[in-house]
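A short write-up of the structure that comes next.
The values are calculated or read from the model by the stated rules, or taken from the named source; none is laboratory data. For clarity, every value in this text was computed on a predicted model and none was experimentally measured. Cβ sites come from the backbone with ideal geometry, for glycine too, and all protein chains shown count toward neighbours. Note: areas computed on protein heavy atoms with side chains; ligands, DNA, RNA excluded. Shrake-Rupley method; radii C 1.70, N 1.55, O 1.52, S 1.80 Å.
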Amino acid sequence: MSALAVAHPHSTYPRPVLLRPVPDPPPEHHVEDDQPVTVTISIAGGAGGRERVLAALRELVDAAGASAAVELDGAAAAGSTENAGEIRLDPRARTAFRGGGLLELSRLEYDLLLFLARHPRQVFSRSQLLTHVWGHRHTTNRTVDVHVSRLRTKLGDPELITTVYGLGYRLADDAVIVIDER
């Protein structure tokens, strides 16, 4: 269970009473503001949970600015069993990872990739993709072409989604996509 505390800036709240006061650091151990702070976090469990935690840490580091970084120690990097070209999809968290890195996909790009991954070796016309992924056929077929193009760019592999000329699109036979269905 989690809780969220919200404080109004103009309200006054009693300060919490501490059982033991927190001492000030000794003057000889004073740390300057520009010295780096190292935080070590051990992550146990499956690769999916580990990747979600690392992705969240990377987002925090991005928010902290250019002077912050996330580094993996040798044991963590060696423990990763992911193939560099492998794509992992987590439908519950709606996240996509390639080689351990988070892919920034739009909602429709993610849905398109997930749909194709759930139907390997099948060719889908543009109107079929509009029906199954978009949920309607009220837009032009060009919409599918644009989203496939953007998805190919974000995946860094234009061959991953194959164009079957005159028919539509399909996932490449050698595409390694793992769907975490937990």
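Could you give the length gained by full extension between Ala56 and Leu167, i.e. 0.36 nm per residue of separation minus their alpha carbon distance, to one decimal place?
Stretched out fully, the Ala56 to Leu167 stretch lengthens by 36.0 nm.
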Projected label distance in nm at Arg152 and Ser127, using a 7 Å step from Cα toward the beta-carbon: 2.4
Enumerate the calculated ³J(HN,Hα) couplings along the range 167-180 in order (Karplus 6.51 cos²θ - 1.76 cosθ + 1.60, θ = phi - 60°), each rounded to whole Hz, writing x wherever the residue is Gly or Pro. 10, x, 10, 8, 7, 5, 4, 8, 5, 9, 10, 10, 9, 7
By accessible area (1.4 Å), largest first, Glu159, Glu59, Glu86 order as Glu159, Glu59, Glu86
List the residues, sorted by chain then number, that are 5 or more residues from Thr162 or on another chain and whose placed amide H is less than 5 Å from its amide H. Arg170, Leu171, Ala172
Quick one: which residues, 5+ away or cross-chain, put their amide H under 5 Å from the amide H of Ile87? H built at 1.01 Å from N. Val176, Ile177, Val178
